[in-house]
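The structure appears below as structure tokens.
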Amino acid sequence: MRPTEGDVLLVIDLQADFLPGGALAVPDGDAVIAPINRLLGQFPHAVLTQDWHPPGHVSFVTSHPGWAPFETVPLAYGPQVLWPEHCVQGSAGAELAPTLNAARAELVIRKGHHRHVDSYSAFLEADRRTPTGLAGYLRERGFTRVVLCGLATDYCVAWSALDARAAGFEAVVVADAVRGIDRDGSVARAWAEMAAAGVGRASSGTFGRG
Ligand code: VGL
Ligand code: ZN
């Protein structure tokens with residue numbers, strides 16, 4: 001399954017705050033960097049995302065006095081998990097992993113920048129109405145298949161994969177190039193939802209030459 005001109009690699013949120021030592025560290029998160037760097041060498045086209053919140057963002061537990069981290073608060077647009085402050089615009093924690101071979105990426109799309117709306121998905125914000133612009137960009141570029149990797153499996157990767165399908169793209173998640181936060185079985189649930197939506201599952205070796 002060698003990548004073709006219709007394929008784009010979508011690297012989700014490979015940022016300091018999601019890596020060991022970060023504000024919202026994903027367990028074993030740094031294990032995805034080596035396979036993702038290999039994929040970046042194999043795919044003709046790549047797009048990166050960056051979680052990019054303003055100070056006081058609605059997803060931050062600090063914006064909801066009386067609530068605890070990882071609790072779910074009902075907001076106008078639906079349930080919102082409350083996270084430790086992370087990926088604040090311009091902060092060190094929001095920077096891409098320094099060991100990520102990001103040089104060949106053709107676009108870095110930032111999301112979650114509206115103060116009152118979160119965006120796990122690279123395509124559609126949590127109000128399920130506001131587009132990030134990525135679907136239009138990928139369509140204009142002529143891509144038909146989105147191959148996803150990065151962090152975290154059960155939040156930004158899964159929501160992005162599901163929305164890629166909803167936007168009419170083929171979608172494949174690279175299982176060894178993702179790691180999850182995994183609260184209350186959320187990783188298993190994410191894989192089940194993705195399978196039901198026609199999201200494929202591959203391993204990074206699949207895309208190598210030969
Ligand atoms: C993410 C929680 C909050 C992610 C981003 O990248 O999966 N998770 N913000
Ligand atoms: Zn976030």
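For helix 33-42, what angle does its Cα long axis make with the longest principal axis of the chain, in degrees from 0 to 90 and rounded to 10?
With rounding to tens, the tilt is 40 degrees.
How tilted is helix 186-196 with respect to the longest principal axis of the chain? Cα atoms for both, answer in degrees (0 to 90, nearest 10).
Helix 186-196 sits roughly 50 degrees off the main axis of the chain.
If you look at just the Cα atoms of the range 164-207, how large are its Rg and its Dmax in Å?
For the range 164-207, the Cα-based Rg and Dmax read 11.2, 32 Å.
Pick from G180, G150, G168: which residue has the top mean-square fluctuation in a GNM of the chain where Cα pairs under 10 Å get a spring?
Top of the fluctuation ranking is G168.
Enter the accessible area per residue of the range 74-174 (Å², integer; probe 1.4 Å; all protein chains in place).
Roughly 43 Å² per residue, with all protein chains present.
For I181, I36, write out the residues from largest to smallest accessible area, computed with a 1.4 angstrom probe and no ligands counted.
The ranking, largest first, comes out as I181, I36.
Take the alpha carbon atoms of the range 72-136, find their center, do the same for the range 1-48, and report the distance between the two centers in whole angstrom.
Measuring centre to centre over Cα atoms gives 15 Å.
How much length, in nm to one decimal, is gained on full extension between E5 and S203, taken as 0.36 nm per residue of separation minus their Cα-Cα distance?
69.3 nm
Say the dipole of the chain comes from +1 at the beta carbon of Lys and Arg and -1 at that of Asp and Glu; which of L40, P131, H64 then lies farthest toward its positive end?
So the residue we want is L40.
For the chain, which whole percent of the accessible surface, found with a 1.4 angstrom probe, sits on carbon and sulfur atoms?
In the chain, the share of accessible area belonging to carbon and sulfur is 54 percent.
If you count only protein heavy atoms and use a 1.4 Å probe, how large is the accessible surface of R110, to the nearest 10 Å²?
110 Å²
What ranking of E140, E85 comes out by heavy-atom accessible area, probe 1.4 Å, highest first?
Accessible-area ranking of E140, E85, largest first: E140, E85.
Can you give the direction-averaged projected area of the convex hull of the alpha-carbon atoms in the range 108-181, in nm²?
4.9 nm²
About the Cα centre of the range 30-144, what is the dipole size in debye to 20, counting +1 per Lys and Arg Cβ and -1 per Asp and Glu Cβ, all else neutral?
Around 380 debye, computed over the range 30-144.
What is the spin-label model distance, in nm, from R38 to F70 if the labels are put 7 Å beyond Cα along the C-beta direction?
Modelled inter-label distance: 3.1 nm.
For the chain, how big is Rg over Rh, using alpha carbon atoms and the Kirkwood form of Rh?
0.94
List the equivalent ellipsoid semi-axes of the range 1-107 in whole Å, largest first, each obtained as the square root of 5λ for an eigenvalue λ of the Cα gyration tensor.
Semi-axes, largest first: 30, 15, 12 Å.
Normalised by the residues of the range 1-139, what does the relative contact order come to in percent, with Cα pairs under 8 Å and at least six apart?
27 percent
Between R129 and D182, what is the label-to-label distance in nm when each label sits 7 Å out along the Cα-to-Cβ direction?
Each label point is offset 7 Å from its Cα along the Cβ direction, giving 3.8 nm.
The values are calculated or read from the model by the stated rules, or taken from the named source; none is laboratory data. Here the structure is a predicted model, which means the values were calculated and not measured. Cβ coordinates were reconstructed from backbone atoms using ideal geometry, including for glycine residues, and neighbour counts include every protein chain displayed. Just the protein is used for accessible areas: all its heavy atoms, side chains included, with ligands, DNA and RNA removed. Shrake-Rupley method; radii C 1.70, N 1.55, O 1.52, S 1.80 Å.
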